[in-house]
Amino acid sequence: MFFFKPKTGEAADPEVAAAVSRAPRYGSIAFVNINGYEGMAMLRNVSQSGFRMESKTFVEMELGNVFTMWITPELASGVKRFEIKVEVRWIQSTQDKFSVGFMITESGNRSLQRYVDFLKHSSRVA
């Protein structure tokens, strides 16, 4: 039995390809408050479904924990401090950097959508 790999750019099933493709993701520096951590953090791969937070400070959390996080975006965004509920999906900690992947657990957050829209527009301009 032979299995042929699709050519580059050719999807075997368009429905599967649409489900596998992910939303565009963006990066930002924001003031974050979560589980005792309060400070500036790098937010990477920001989308409506989740993001990665990086800081030089370790934050105590475990996989599967659900937290309320407050994010204060940069002033240029015009978005005020907002709250989101996130679930910890992965954690990486080294001597130099603490990284954690979050999945957004509630959809329809208008402030988050405005923030993602701002990041999307900023990435085109920069």
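The values are calculated or read from the model by the stated rules, or taken from the named source; none is laboratory data. Since we're looking at a predicted model, the values are computed, not measured. Using ideal geometry, Cβ is built from the backbone for each residue, glycine included, and neighbour counts are taken over all protein chains shown. These area figures cover heavy atoms from the full protein model, side chains too; ligands, DNA and RNA do not enter into them. Shrake-Rupley method; radii C 1.70, N 1.55, O 1.52, S 1.80 Å.
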Query raised in the report: Could you list, in sequence order, the residues of the range 75-97 that are of a type in the set (A, V, I, L, M, F, W, C) and surrounded by 13 or more Cβ atoms within 10 Å (Cβ to Cβ)?
Result: VAL79, PHE82, ILE84, VAL86, VAL88, ILE91
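Could you say whether any residue in the range 29-36 is at pLDDT below 55, of a type outside the set (Val, Ile, Thr), over 10 Å from the mean Cα position of the chain (by Cα) and open to solvent by less than 80 Å² (accessible area, probe 1.4 Å)? Give the steps one after another, and end with the answer.
Quick first cut of the range 29-36, residues at pLDDT below 55 only: none.
Within the range 29-36 (the criterion being at pLDDT below 55, of a type outside the set (Val, Ile, Thr), over 10 Å from the mean Cα position of the chain (by Cα) and open to solvent by less than 80 Å² (accessible area, probe 1.4 Å)), the answer is no, since none of the residues qualifies.
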Report task. Take the range 98-126 and flag every residue that is at pLDDT 90 or above, hydroxyl-bearing (Ser, Thr, Tyr) and open to solvent by 20 Å² or more (accessible area, probe 1.4 Å). Result -> THR105, SER111
Report task. Determine whether THR57 is more than 16 Å from the chain's Cα centre (by Cα), modelled with pLDDT of 90 or more, of a type in the set (S, T, N, Q) and farther than 21 Å from LEU112 by Cβ. Result -> yes
